Amino acid sequence: MRYIILAFLVCAAVVVGVAGRKGEMTRRPPIELFPDMDRQPKLRPQAVNAFFRDGRSSQLAPIGTVARNTPYEDSPVNTGRVAGTTNFVETIPVPVTAQLLARGQERYTIYCSPCHGALGDGKGITSKLGMAVVADLHDHKGRKLISAPDGQIFDTITNGKNLMGAYGSVLPIQDRWAVVAYVRTLQLSRLGTLEEIPAGERASIK
């Protein structure tokens, strides 16, 4: 028994000797069991360093990354909203080109047509499997989707709505805008008027 008490006293003395008493004031530096946790090798900003090819310790961020404190959420391209507001942008904030539309058609066919259908009428393969509540992108009743801002469609693709899941994790920002552009193309193909076609191209329409 005395050996147990002796061992306990020795352990207590060691703990007190190493850790000290709580609340005790001292000017002596603390004991560092792992000094590398406090003093790690690092690069000083704007200092010369031979590690990088250009000899500078401060490097540009890798392409595609977003630095801390960068106003990522203030960009209409990234959010579909007017900067500094909660309002959706009315028109696509990226150039609409033939390449963008082709990409949009490809992404739409993969991710959207199973529910919304190849024509955007809500008659995709899922409608034959019992999923009856699928939006008709042409929306003849009330024309809500027709009059919706482009930013709202982008937001729906990003975050989902009602039974529709979010596709922000699988579709990059540029692809989401491409899908928005293609959705508008589908809508124009059915609801567009002759007056909306450039005069020089009307003769080719049957």
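Every number in this text was worked out from the coordinates using simple rules, so none of it is lab data. For clarity, every value in this text was computed on a predicted model and none was experimentally measured. Heads up, the Cβs are rebuilt from the backbone with ideal geometry, glycines too, and the neighbour counts pull from every protein chain shown.
Comparing PRO95, PRO172, PRO35, which has the greatest mean-square fluctuation in the GNM of the chain with Cα pairs linked when under 10 Å apart?
PRO35
Using a ≥ b ≥ c from the Cα gyration tensor of segment 117-206 (square roots of the eigenvalues), is it rounded, prolate or oblate, where a/c under 1.5 gives rounded and otherwise the larger of a/b and b/c decides, a/b for prolate?
Prolate, because a/c is 1.5 or more and a/b exceeds b/c.
Calculated from DSSP H runs of 4 or more alone, at -39500 (n - 2.57) each and per residue, what is the 222 nm mean residue ellipticity of the chain, nearest 500?
-10000 deg cm²/dmol
On full extension of the chain, what length is gained from VAL133 through ARG28, given 0.36 nm per residue of separation minus the C-alpha to C-alpha distance?
Between VAL133 and ARG28, full extension yields 30.6 nm more.
Can you list residues whose amide H is under 5 Å from ARG56's amide H, if they're 5+ apart or on another chain and H is modeled 1.01 Å from N?
Amide H neighbours of ARG56, under 5 Å, 5+ apart: ASN49.
What angle do you read, to the nearest 10 degrees and between 0 and 90, between the alpha-carbon axis of helix 98-107 and the longest principal axis of the chain?
70
Given +1 on the Cβ of Lys and Arg, -1 on the Cβ of Asp and Glu, and no further charges, what dipole in debye does segment 83-192 carry about its Cα centre, rounded to the nearest 20?
240
Between THR26, THR126, THR86, which gets the highest mean-square fluctuation from a Gaussian network model of the chain, Cα cutoff 10 Å?
THR26
Given N residues in segment 55-206, what is its alpha carbon radius of gyration divided by 2.2 N^0.38 Å?
So segment 55-206 has a normalised radius of gyration of 1.22.
Below 8 Å between Cα atoms, with a sequence gap of 6+, how large is the relative contact order for the chain in percent?
16
Roughly how large, in nm² to one decimal, is the mean projection of the convex hull of the alpha-carbon atoms in segment 23-83?
For segment 23-83, averaging the hull's shadow over all directions gives 9.5 nm².
Can you sort CYS11, CYS115 from fewest to most other Cβ atoms within 10 Å of each residue's own Cβ? Spell out each step's value before the answer.
On the way: CYS11 10, CYS115 19.
Fewest to most other Cβ atoms nearby, the residues stand as CYS11, CYS115.
Treat every Asp and Glu Cβ in the chain as -1 and every Lys and Arg Cβ as +1, leave all other atoms uncharged, and give the resulting dipole magnitude about the Cα centre to the nearest 20 debye.
Roughly 740 debye, rounded to the nearest 20.
Specify which residue in the list THR109, PRO172, MET131 is farthest towards the positive end of the charge dipole of segment 83-192, using unit charges on the beta carbon of Lys, Arg (+1) and Asp, Glu (-1), about the Cα centre.
Of the listed residues, the answer is MET131.
Only counting other Cβ atoms within 10 Å, I'd like SER147, SER113 sorted with the fewest neighbours first.
Sorted ascending by nearby Cβ count, the order is SER147, SER113.
If the reach is capped at under 19 angstrom between alpha carbons, list the aspartates and glutamates near LYS123, excluding any in the same chain fewer than eight residues apart.
List returned: GLU106, ASP136, ASP139.
What is the order of PHE34, PHE88, fewest Cβ neighbours within 10 Å to most? Each step should come with its number before you reach the end.
Values: PHE34 6, PHE88 18.
By the 10 Å Cβ count, ascending, the order reads PHE34, PHE88.
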